[in-house]
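Okay, here's the structure, questions in a sec.
The values are calculated or read from the model by the stated rules, or taken from the named source; none is laboratory data. Note that the structure is a prediction, hence the values are computed from the model and not measured. All Cβ positions, even for glycine, are placed from backbone atoms using ideal geometry, and neighbour counts span all protein chains on display. We work out accessible area using only protein heavy atoms, side chains counted, and drop any ligands, DNA or RNA first. Shrake-Rupley method; radii C 1.70, N 1.55, O 1.52, S 1.80 Å.
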Amino acid sequence: MEPIGGYFSLELPKGKEYHKDAIRLNTGRNCLEYILKARGYKKVYLPYYTCGVVLEPFMKLGIPYEFYHIDINFEIRDRFILTADEALLYVNYYGLKQRYVEQLAEKIGERLIIDNTQAFYAMPIAGIDTFYTCRKFFGVPDGAYLYTEKKLDEELEQDLSFDRMTSLTKRIDVGAEAGYGDFRETTKALAGQPIRRMSELTHRMMQGIDYEQIAQKRRANYQQLHAALGGSNTLSLSLEEDAVPMVYPYLTPTNGLRERLIENKIFVARYWPNVLEWTNKDDVEYFLACQMLPLPIDQRYGEEDMNRIITLIIK
């Protein structure tokens, strides 16, 4: 029986999730593990240009993988033929490659796995295993969504998230720097987790988000940066009508720009340090890992913030 009375819990609005029909899990990498276990793949082709945590489910399950190269347009460069028990994983980079995802789905079919961890708003394609993560787009401690027609015949426990909230609350109360250590600890704690159902806390938080307003803000910020920086950007990724990007990917041969931004408290991540170990200096992926700047465009920021970024880059 639910208790009546007593102290209050955190007050959270209860609306509709964006991916309300998906399977709710605890992490993106566990969505991938779910797919691998349910489908029984014997080998998967992965892009060199991806986060190192993608290997975790392969290590846990002992499933072989092989890397492939992409080109400067983030499209597959290598050629290969999949056998019946093999699959290919493609990352919808920055949420800007949905049309290419659709082409791959037509060509490869159900043995395609789409990693939409950078493309929360991209809708899944029928029959294509697709997964998303929550914390790359929103202020939540964990959580992921999975679309698949192949269900895993296991009873999954529900995750708990209350002890992963510190960085989120610290950033509000005492600032970004104060909570960064907690954020890193939470990230470490998510490694090696068993597949669990999304926690009730994260589920409730995801029900309280204004998805439309966030989409509009991200698109407006992206367009503002592109209007000012597009001419000096080596990349030519168009913002499609239905795209909601994670970042503005800015590629420039200018050295020291990342450091200048960070010194001025524009925190720019590196996608991804592991790529430097997996590839050679002549590879596109190595160049991207060194030089591509994922400029923040998320819902916390507006026109004045984008102007601050622009001024630091073009001065």
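Looking at L261, is it farther than 29 Å from R99 by Cβ and open to solvent by less than 10 Å² (accessible area, probe 1.4 Å)?
Yes: the conditions hold for L261.
Sticking with this structure for a sec: Among the residues in region 9-20, are any in a strand (DSSP E or B), open to solvent by 70 Å² or more (accessible area, probe 1.4 Å) and at pLDDT 95 or above?
No: region 9-20 contains no residue that is in a strand (DSSP E or B), open to solvent by 70 Å² or more (accessible area, probe 1.4 Å) and at pLDDT 95 or above.
Check region 246-260 and report whether any residue there is in contact (Cβ under 8 Å) with a residue 24 or more places away in the chain, on the phi < 0 side of the Ramachandran plot, in a helix (DSSP H, G or I) and not basic (K, R).
Yes, because at least one residue in region 246-260 is in contact (Cβ under 8 Å) with a residue 24 or more places away in the chain, on the phi < 0 side of the Ramachandran plot, in a helix (DSSP H, G or I) and not basic (K, R).
When only residues in region 238-258 that are surrounded by 11 or more Cβ atoms within 10 Å (Cβ to Cβ) and more than 20 Å from the chain's Cα centre (by Cα) count, which is nearest to D71 (Cα to Cα)?
Applying the filter and picking the extreme gives T252.
With crowded, with 22+ Cβ neighbours inside 10 Å and of a type in the set (S, T, N, Q) as the only criterion, which of Q103, Q118 stands out?
Q118
Looking at (1) within 22 Å of the chain's Cα centre (by Cα); (2) free of Cβ contacts under 8 Å to residues at least 24 places away in the same chain; (3) open to solvent by 60 Å² or more (accessible area, probe 1.4 Å), which is the one condition that is false for K281?
(1)
Right, another one. Starting from region 137-164, take each residue that is farther than 14 Å from R196 by Cα and touching a residue at least 40 places away in the same chain (Cβ under 8 Å) and list its partners that are of a type in the set (S, T, N, Q) and assigned to a helix (DSSP H, G or I), counting only C-beta distances under 7 angstrom and pairs at least six apart or across chains.
V140/T202; P141/T186; P141/T202
State whether the residues of region 167-189 include one that is more than 29 Å from L295 (Cβ to Cβ), among the hydroxyl-bearing types (S, T, Y) and open to solvent by less than 50 Å² (accessible area, probe 1.4 Å). Working first, answer last.
Step one: filter region 167-189 for residues more than 29 Å from L295 (Cβ to Cβ), giving none.
Within region 167-189, not a single residue is more than 29 Å from L295 (Cβ to Cβ), among the hydroxyl-bearing types (S, T, Y) and open to solvent by less than 50 Å² (accessible area, probe 1.4 Å).
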